[in-house]
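Trainee: Sharing a structure, written as structure tokens. Questions coming.
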Amino acid sequence: MISGLFNTIKNAAAATEACRSVVEEVRNVITWNSSQPPEDRKICFLSTSQLSSLVKCDDFKSVSIYSNKEETLFYIVYVQRFVALSVMSNRNEALRKQKILNGLFRLIEILDVLEPNTFLNRVACLLISIEKNATYREIHHACSCGFDDVVENFCLNSSIDPIVVVNKATVDGLLPLQIAANNDNYNVVIKLLEYGADIHKLDLHMRNVFHYAAKKSPSILRLLMSYDRSQQAMNRFDSDGLSPLCLAMKSGHVECAKILLESGCSRGPFPAGPLCKIFLSVPVDTEGFINLLLKYEPNFLCEPICDGSSILHQDLDAPLLILIMSKVTKEVKDSEDKNKRTPLHRSVQRSNLSQTLALLSFEVNVDALDENGDTPLNIAVQIGSLELVKCLLCFGASVTLLNNGGLRPIDIAKKSSNAFRLGLKEILIHIEEKLGSSVIEYFDWLAGTSTGAIIALALARGDSPRSCQGLYIRLKSEVFIGEKPYSDKEFEQILKRYFGDSLVMAHIESKKIMITATSVKTNVPQLKLFRNYRLPLSEINNQVLGYDDPSNLLVWKCARYSSAAPTYFAPKDDYVDGGLVANNPTLDLLSDIHEYNATHAQANMEKADINCIVSLGTGVLPAKKIKLGKLEFGIPQNLEEGQSMLTDFLNMKSILIKQITASDGECVRRARSWAHGLNIPFFRLSPPLSTDVQLDEKENEIIIEFLWETERYLRTIAHSDIDSLVKLLKGDI
């Protein structure tokens, strides 16, 4: 009975195996009858019947060529295992590949002991290596493919000294160690070094293994550092004058560069140029590289590149330029080339508005003189760039400086012809010299909402208005990237860099400052005020009245809360843009001062006197007519009525948003009435704009036009108000 059961099981197993063979046979037939182009078919095993259906074209017993009966397809077959290595329609190409494979027969024979799937995978890798490097020998392909066991087999079973084997170059001069490093094959490198591979040997480009490892393999670099005379090898220059560090930079591999620098590699200058010139070829992670290089070579950005020009004189993209500018001193920003031209001169000379804006955002010398006595404004006039002229004037360029020929910008403009001359003359005649001292020195209380919050915080801690202007120019390039909503991380990093990540409101002592935000913790949004002052009341009463402890309020966070404009940035800690509740914070500040004075009077403490109020706006758009229908939002009776309802709905939405976020109009009228009722002079400065400029506007031309409209407004329409304000602040009234 047991014997019968055993036979039954045995027969079942045999049947299963036979079935599996049939399935495999069918699979192979399907593979070879597919409609794919022959060259695209994968390597696979052939059945006996498949092979017998083909015609053998030669007498080779290792790698042979078979064809179909029509001789339209040629199969390169590894005969020992019945493996089709490649299928081609070109006989000569098949013969060429067969010759190469037969030359590598010893390598294939070593792989032959592997189980089928591993064998196929290894051979596939070998074929890829052959396609890329047809002149490689067996040891080189083994290094390229990562076959460390094959490398060891060659060294142990060759009649040649292993040291000769592992140091044998290709016809192009590449060495096995370099090939393995270039393909990041760590285990192969270990095996080659064990058998005597020389880390100092050079290829035809005068590169050693360090040059190749530096481009892609931190692990191999660390391994190489443990060998004798690695210091000499890692400082070797190739035929292009580049060291391994240079190649790590050009490949964008910051980790490899870090390993080399930690190991004490040379930091230049190199035959190919100084370190800062090599840095300009870094393709990715420029911030990571610049921080790493500054750690080991703090002054590398100050190195002259050629003809006395600095890295800032080069034609750089605005983001990279901003990154470099944030790392260098004022002297480097205004450095001069052999013609005494600064980076600003050169960017204007190139008619590059993006570069010019980026440089100006770091408060470079806008009136620097070159060897001809020309300022950047003179050059902008000479090349006929109206946008650059406006840009420079908005950043304070002088119109009165004379060059070596005794000419002012207006004189140069007069010598120009065409329509540009007319536009430029009209601009220049409206420009006057700027006011002397900083206006902010005369103010004790500041309040700000959204973008105004950032400006108020910056001014309160002592920054100049020009510095604030520069910050906003940089925001355009660093934060407003891609589509809305924008990256919170990038925005917060800029705020931290600008204000510091530990500065709190209590540290700002020279001014009283109030920042607005909107709390969205409840379904009715609430106004939230962040201040650097408290009332002379108990802790509990201050908390009840909303006066937080200023020592717990990070400045960068307050700026982030107030400027978290919906759709632009995500809320932060349940706070969004203060403009949703208090887009014009004038009345909120007046109410706060009233509360401040009331509590100080009760405590017999000094009150705050208000001598004048200045309210700054971001611009007034011209009134835009819209057509409203019946404003009935029921069920439409037809398509025309539905379209009318949709138009009414969108217009009503626009009206509500404009009203909610209004910073001009009735809110200004009420603030002015309150001030005048208390006999307090009130100044409202907000330029009329010709177009609506979005918060995230990225086009330089639109931004310059916005700045120019503001500048023109200050010099014309608002000139009388500004003159009165200056006299009042100086005590002349």
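The values are calculated or read from the model by the stated rules, or taken from the named source; none is laboratory data. Here the structure is a predicted model, which means the values were calculated and not measured. Please note: Cβ atoms are built from the backbone with ideal geometry, for glycine as well, and neighbour counts cover all protein chains shown.
Trainee: Restricting to region 359-377, what's the tally of residues that are in a helix (DSSP H, G or I) and in contact with an Asp or Glu (Cβ under 9 Å, 6 or more places away or on another chain)?
Mentor: The qualifying residues number 2.
Trainee: Now a separate question. What are the residues in region 558-579 that are part of a loop (DSSP other than H, G, I, E, B) and under 19 Å from Gln694 (Cα atoms), if any?
Mentor: Across region 558-579, the qualifying residues are Ser563, Ala564, Ala565, Pro566, Thr567, Tyr568, Phe569, Ala570, Gly578.
Trainee: Within region 601-623, take every residue that is surrounded by fewer than 13 Cβ atoms within 10 Å (Cβ to Cβ) and under 46 Å from the mean Cα position of the chain (by Cα) and give me the one that is nearest to Glu709 (Cα to Cα).
Mentor: My answer is Pro622.
Trainee: Spot the failing condition for Lys338; the list is (1) assigned to a loop (DSSP other than H, G, I, E, B); (2) crowded, with 20+ Cβ neighbours inside 10 Å, and only one is missed.
Mentor: Tallying (1) assigned to a loop (DSSP other than H, G, I, E, B); (2) crowded, with 20+ Cβ neighbours inside 10 Å, Lys338 fails exactly one: (2).
Trainee: Can you find a residue that is exposed (fewer than 15 other Cβ atoms within 10 Å of the Cβ) and more than 54 Å from the chain's Cα centre (by Cα) anywhere in region 84-105?
Mentor: Looking through region 84-105, none of the residues is exposed (fewer than 15 other Cβ atoms within 10 Å of the Cβ) and more than 54 Å from the chain's Cα centre (by Cα).
Trainee: If Asn651 satisfies all but one of (1) at pLDDT 85 or above; (2) over 35 Å from the mean Cα position of the chain (by Cα), what's the number of the condition it fails?
Mentor: Status for Asn651: all satisfied but (1).
Trainee: I'd like to know if region 512-528 contains one or more residues that are farther than 24 Å from Lys607 by Cα, at pLDDT 90 or above, touching a strand residue (DSSP E or B) at 6+ places or on another chain (Cβ under 6 Å) and not in a strand (DSSP E or B).
Mentor: Among the residues of region 512-528, not one is farther than 24 Å from Lys607 by Cα, at pLDDT 90 or above, touching a strand residue (DSSP E or B) at 6+ places or on another chain (Cβ under 6 Å) and not in a strand (DSSP E or B), which makes the answer no.
Here is a yes/no grid of residues against (1) under 29 Å from Tyr486 (Cβ atoms); (2) exposed (fewer than 14 other Cβ atoms within 10 Å of the Cβ); (3) touching a residue at least 40 places away in the same chain (Cβ under 8 Å):
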position: Arg669; (1), (2), (3): no, yes, no
position: Gln694; (1), (2), (3): yes, yes, no
position: Ile704; (1), (2), (3): yes, no, yes
position: Trp708; (1), (2), (3): yes, no, yes
position: Leu714; (1), (2), (3): no, no, no
position: Ala718; (1), (2), (3): no, no, no
position: Leu728; (1), (2), (3): no, no, yes
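Trainee: Another question, if that's okay. Based on what the data block shows, is Lys512 in contact with an Asp or Glu (Cβ under 9 Å, 6 or more places away or on another chain), in the same structural domain as Gly448 (by TED's automatic domain parsing), closer than 18 Å to Ile455 by Cα and not hydroxyl-bearing (Ser, Thr, Tyr)? It would help to see each step written out before you state the result.
Mentor: Values: in contact with an Asp or Glu (Cβ under 9 Å, 6 or more places away or on another chain): yes; in the same structural domain as Gly448 (by TED's automatic domain parsing): yes; closer than 18 Å to Ile455 by Cα: yes; not hydroxyl-bearing (Ser, Thr, Tyr): yes.
It is true that Lys512 is in contact with an Asp or Glu (Cβ under 9 Å, 6 or more places away or on another chain), in the same structural domain as Gly448 (by TED's automatic domain parsing), closer than 18 Å to Ile455 by Cα and not hydroxyl-bearing (Ser, Thr, Tyr).
Trainee: OK, next. Taking region 460-503 as the search range and keeping residues that are over 17 Å from the mean Cα position of the chain (by Cα) and polar (S, T, N, Q), which one is surrounded by the fewest Cβ atoms within 10 Å (Cβ to Cβ)?
Mentor: Ser502
Trainee: Picking from Ile311, Ile278, Ile259, which residue would you name as being under 24 Å from Asp367 (Cα atoms), of a type in the set (A, V, I, L, M), buried (at least 22 other Cβ atoms within 10 Å of the Cβ) and not assigned by TED's automatic domain parsing to the domain that holds Leu369?
Mentor: Residue meeting the stated conditions: Ile311.
Trainee: Can I ask one more? Starting from residues that are charged (D, E, K, R) and within 24 Å of the chain's Cα centre (by Cα), keep the ones in region 347-367 and report whichever is nearest to Gly384 (Cα to Cα).
Mentor: Arg350
Trainee: Still on this model: Can you pull out every residue in region 195-228 that is under 21 Å from Pro162 (Cβ atoms) and outside any loop (DSSP other than H, G, I, E, B)?
Mentor: Within region 195-228, Val209, Ile220, Leu223, Leu224 qualify.
Trainee: Select from region 266-293 the residues that are hydrophobic (A, V, I, L, M, F, W, C), more than 13 Å from Ala248 (Cβ to Cβ) and over 19 Å from the mean Cα position of the chain (by Cα) and list them in ascending order.
Mentor: Of everything in region 266-293, those that are hydrophobic (A, V, I, L, M, F, W, C), more than 13 Å from Ala248 (Cβ to Cβ) and over 19 Å from the mean Cα position of the chain (by Cα) turn out to be Ala272, Cys276.
Trainee: For residues in region 237-256 being surrounded by fewer than 18 Cβ atoms within 10 Å (Cβ to Cβ) and touching a Phe, Trp or Tyr at 6+ places or on another chain (Cβ under 7 Å), which is nearest to Asp198 (Cα to Cα)?
Mentor: Step by step, filter region 237-256, then rank; the result is Phe237.
Trainee: So, Val389, is that one over 29 Å from Asn611 (Cα atoms) and either basic (Lys, Arg) or at pLDDT 90 or above (or both) or not?
Mentor: It is true that Val389 is over 29 Å from Asn611 (Cα atoms) and either basic (Lys, Arg) or at pLDDT 90 or above (or both).
Trainee: Check Ala142, Ala169, Ala134, Ala124 and return the single one that is under 26 Å from Arg81 (Cβ atoms), hydrophobic (A, V, I, L, M, F, W, C) and either touching a Ser or Thr at 6+ places or on another chain (Cβ under 6 Å) or part of a loop (DSSP other than H, G, I, E, B) (or both).
Mentor: Details: Ala142 fails: either touching a Ser or Thr at 6+ places or on another chain (Cβ under 6 Å) or part of a loop (DSSP other than H, G, I, E, B) (or both); Ala169 fails: under 26 Å from Arg81 (Cβ atoms); Ala124 fails: either touching a Ser or Thr at 6+ places or on another chain (Cβ under 6 Å) or part of a loop (DSSP other than H, G, I, E, B) (or both).
When all the criteria are applied, what remains is Ala134.
Trainee: Residues to consider are Ser502, Ser562, Ser591; find the one that is more than 26 Å from Gly617 (Cα to Cα) and polar (S, T, N, Q).
Mentor: On inspection, the qualifying residue turns out to be Ser502.
Trainee: Of (1) without any contact (Cβ under 8 Å) to a residue 40 or more places away in the chain; (2) part of a helix (DSSP H, G or I); (3) under 30 Å from His594 (Cβ atoms), Gln493 satisfies all except one. Which?
Mentor: (3)
Trainee: Another question, if that's okay. Restricting to region 497-537, count the residues that are over 18 Å from Gly579 (Cβ atoms) and among the polar types (S, T, N, Q).
Mentor: Adding up the residues that qualify gives 5.
Trainee: Does Ala559 fit the bill of being crowded, with 20+ Cβ neighbours inside 10 Å and farther than 29 Å from Asp721 by Cα? Let's see the steps before the verdict.
Mentor: Numbers: crowded, with 20+ Cβ neighbours inside 10 Å: yes; farther than 29 Å from Asp721 by Cα: yes.
Spelling it out, Ala559 is indeed crowded, with 20+ Cβ neighbours inside 10 Å and farther than 29 Å from Asp721 by Cα.
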